[in-house]
């Protein structure tokens, strides 16, 4: 869909205002620090890949062994105890709360559930 | 929550422009207010408002909605077979009604507008806006 210049400008201004907040910048910094650290990044990638694999197999009706689930939990504990992953996760929780408030505010002023509209709910 | 921010004009983030004369003091609530005002004035939002008003004033629609409620309530109280068929019929009738179809169409147009707007916000903010807007501790 092509947006009018007025709508585009207003949307960009909001995006830039959000980008400049401490909450968004802290999250982006935390994510960047995580991606630049080989150990943290590998741990998280391995955990995500294993989780996707186990979920897909479970959904396909395949039996997932206890040992595999246990191995996943070990990996998950390692990942979640890594300081860079923990810091990013904390920053992400704060980001989500912050954006939730902004989205609710926008929805109230629009008279419509903005998030539901965007996500097709 | 810290809302007051320094915002950069469009394009300056990418180019790394740091010229203070081009900065503007704007708060997130102010930016939200401006965007909401602009969006409310778009043909899509105006059309949705008209369609919603027509829906609320359409006697046939209101009658069908009341019927829908009766069947849903009966189903919740365990009165299933007959109400389940009636409920499906009322739903079909409701969705086929021209006023309802006009409303659905208007809503879809607003949905597409908001999705396009959300992409612009997300690109400028460097984070997904609507999909990240959630409370809770899940990863």
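The values are calculated or read from the model by the stated rules, or taken from the named source; none is laboratory data. Quantities reported herein were computed from a predicted structural model and do not represent experimental measurements. With ideal geometry, Cβ positions are generated from the backbone for all residues, glycine too; neighbour counts draw on all protein chains shown.
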Tell me, please, whether a residue that is exposed (fewer than 14 other Cβ atoms within 10 Å of the Cβ) and at pLDDT below 95 can be found in region A:105-113. yes
Check region B:55-63 and report whether any residue there is touching a helix residue (DSSP H, G or I) at 6+ places or on another chain (Cβ under 9 Å), at pLDDT below 75, loosely packed, with under 13 Cβ neighbours inside 10 Å and within 14 Å of chain A (Cβ to nearest Cβ). no
Among the residues of region B:97-130, count how many are surrounded by fewer than 18 Cβ atoms within 10 Å (Cβ to Cβ), more than 13 Å from the chain's Cα centre (by Cα) and facing chain A (nearest Cβ under 7 Å). 2
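One line per residue, one yes/no per condition, for (1) part of a helix (DSSP H, G or I); (2) without any contact (Cβ under 8 Å) to a residue 40 or more places away in the chain; (3) more than 30 Å from residue A:110 (Cα to Cα):
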| site | (1), (2), (3) |
| --- | --- |
| B:78 | no, yes, yes |
| B:87 | yes, yes, yes |
| B:90 | yes, yes, yes |
| B:95 | yes, yes, no |
| B:99 | yes, no, no |
Yes/no for residue B:13 being part of a helix (DSSP H, G or I), surrounded by 12 or more Cβ atoms within 10 Å (Cβ to Cβ), at pLDDT below 80 and within 14 Å of chain A (Cβ to nearest Cβ): yes
Output the helices (runs of 4 or more DSSP H) that fall wholly within region A:1-93 and possess 1 or more residues being closer than 21 Å to residue B:135 by Cα, or say none. A:5-19, A:22-36, A:66-80
Has region B:85-108 got at least one residue that is within 30 Å of residue A:93 (Cα to Cα) and modelled with pLDDT of 95 or more? no
Among A:95, A:75, which is surrounded by 13 or more Cβ atoms within 10 Å (Cβ to Cβ), over 30 Å from residue B:49 (Cα atoms) and more than 9 Å from chain B (Cβ to nearest Cβ)? A:75
Sole residue being surrounded by 11 or more Cβ atoms within 10 Å (Cβ to Cβ) and farther than 30 Å from residue B:27 by Cβ, chosen from A:62, A:68: A:68
I need the full set of residues from region A:27-40 which are away from chain B (no Cβ under 11 Å) and surrounded by 15 or more Cβ atoms within 10 Å (Cβ to Cβ), in order please. A:30, A:33, A:34, A:37, A:40
Qualifying positions in region B:73-84 - closer than 29 Å to residue B:54 by Cβ and exposed (fewer than 13 other Cβ atoms within 10 Å of the Cβ): B:73
